[in-house]
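The values are calculated or read from the model by the stated rules, or taken from the named source; none is laboratory data. None of these values were measured; they are calculated from a predicted model. With ideal geometry, Cβ positions are generated from the backbone for all residues, glycine too; neighbour counts draw on all protein chains shown.
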Amino acid sequence: MTGRPLIGVTGRRKRGDQLVGNIAILADFAVDVFYADYGRGVLEAGGVPVFLPIDVDPVDFMDHLDGVLLTGGADIDPARYGHESQTDAFPPEPLRDDHECAVLQAAIDLSLPTVGICRGLQLINVHAGGTLHQDVPAHAGFDHPTAKEWHGVSFESGSVLAGIYTDDRRVNSLHHQTVDRLGAGLRATAFAEDASIEGLEHESLPIVAVQWHPEMLPGRPDDPLFAWLVEAAAERS
């Protein structure tokens, strides 16, 4: 490949009647969307974001990508880790679960650099056989501005995340679920002040994930997580 690395970005499916301002005759039509701030983070780091449509088999596009970004969103179906649902705060979206698990597996098969953000971190853990705490209200932060850095995160010395961020930092929080049991091949490398897992990475693959939302923080144009993804993708290509 020549030029800027292509980073596949996942999104979610909505109905036309879920879009404010949409006209009534389009109410039943499907819409695939993702928040543009994820793509902006990729662009600012030097990559090109490519939306990954839910209706396309990942096998048909993964060979064209240099990296993957798994974005935030609804809760993962707890049946995927053998549990019954304990909350309906953000109902699962099974179609998205299926699609993103397939995207992640294809990225693993190709050793593509992959970053997970919030739900993306949780998906990586569940896909590896891990489980989640389904409702941790103290972490939700939904009544704070999205850019409010209201709790601290520390990093495990020698980890990829410690190398990316260098120093402990304060972050935002827009999640009500946290990692419970770690999946196979993963290690927890970032922690909140209450010892909850805020970051993880794969022991042998270029997979890194964080629980907070760097794409929503003021420092996004210089956030080193996006830089790591784009640089790793460029090196691979």
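Quickly run through the stretch 176-196 and pick out the residues that are touching a residue at least 60 places away in the same chain (Cβ under 8 Å) and either in contact with a Ser or Thr (Cβ under 8 Å, 6 or more places away or on another chain) or closer than 24 Å to residue 89 by Cα (or both).
176, 177, 196
Among the residues of the stretch 66-77, are any surrounded by fewer than 21 Cβ atoms within 10 Å (Cβ to Cβ), part of a loop (DSSP other than H, G, I, E, B), of a type in the set (Ser, Thr, Tyr) and out of contact with any His (no Cβ under 6 Å at 6 or more places or on another chain)?
no
Output the residues belonging to the stretch 89-101 that are crowded, with 18+ Cβ neighbours inside 10 Å, touching a residue at least 40 places away in the same chain (Cβ under 8 Å) and not in a loop (DSSP other than H, G, I, E, B).
Scanning the stretch 89-101 gives 96, 99, 100.
Could you tell me whether any residue of the stretch 203-218 is part of a loop (DSSP other than H, G, I, E, B), touching a residue at least 24 places away in the same chain (Cβ under 8 Å) and farther than 23 Å from residue 40 by Cβ?
Yes: one or more hits.
Among the numbered conditions (1) touching a residue at least 60 places away in the same chain (Cβ under 8 Å); (2) aliphatic (A, V, I, L, M); (3) more than 24 Å from residue 90 (Cβ to Cβ); (4) not in a loop (DSSP other than H, G, I, E, B), tell me where residue 200 comes up short.
(3)
How about the stretch 33-44: which of its residues are over 13 Å from residue 69 (Cα atoms) and either modelled with pLDDT of 95 or more or buried (at least 16 other Cβ atoms within 10 Å of the Cβ) (or both)?
Correct list: 44 only.
Take the residues in the stretch 73-109 that are farther than 30 Å from residue 204 by Cβ and small (Gly, Ala, Ser); name whichever of them is farthest from the chain's Cα centre (by Cα).
Ranking the candidates gives 85 first.
What number goes with the only condition from (1) closer than 20 Å to residue 83 by Cβ; (2) outside any loop (DSSP other than H, G, I, E, B); (3) among the charged types (D, E, K, R) that residue 181 does not pass?
Residue 181 satisfies all of (1) closer than 20 Å to residue 83 by Cβ; (2) outside any loop (DSSP other than H, G, I, E, B); (3) among the charged types (D, E, K, R) except (2).
Out of all the residues in the stretch 87-106, which are within 21 Å of residue 197 (Cβ to Cβ) and either touching a strand residue (DSSP E or B) at 6+ places or on another chain (Cβ under 9 Å) or of a type in the set (Lys, Arg) (or both)?
The answer is 100, 104.
How many residues are over 17 Å from the mean Cα position of the chain (by Cα), under 19 Å from residue 215 (Cα atoms) and either crowded, with 17+ Cβ neighbours inside 10 Å or not charged (D, E, K, R) (or both) when one looks only at the stretch 165-190?
2
Of the numbered conditions (1) in a loop (DSSP other than H, G, I, E, B); (2) within 25 Å of residue 189 (Cβ to Cβ), residue 86 fails exactly one; give the number of that condition.
Unmet condition: (2).
Quick one: in the stretch 109-164, which of the residues that are modelled with pLDDT under 95 and assigned to a helix (DSSP H, G or I) is surrounded by the fewest Cβ atoms within 10 Å (Cβ to Cβ)?
137
Does residue 157 satisfy being without any contact (Cβ under 8 Å) to a residue 12 or more places away in the chain and of a type in the set (Ser, Thr, Tyr)?
So residue 157 passes the test.
Select from the stretch 45-65 the residues that are modelled with pLDDT of 95 or more, touching a Lys or Arg at 6+ places or on another chain (Cβ under 9 Å) and surrounded by fewer than 24 Cβ atoms within 10 Å (Cβ to Cβ) and write down the one among them that is nearest to residue 12 (Cα to Cα).
49
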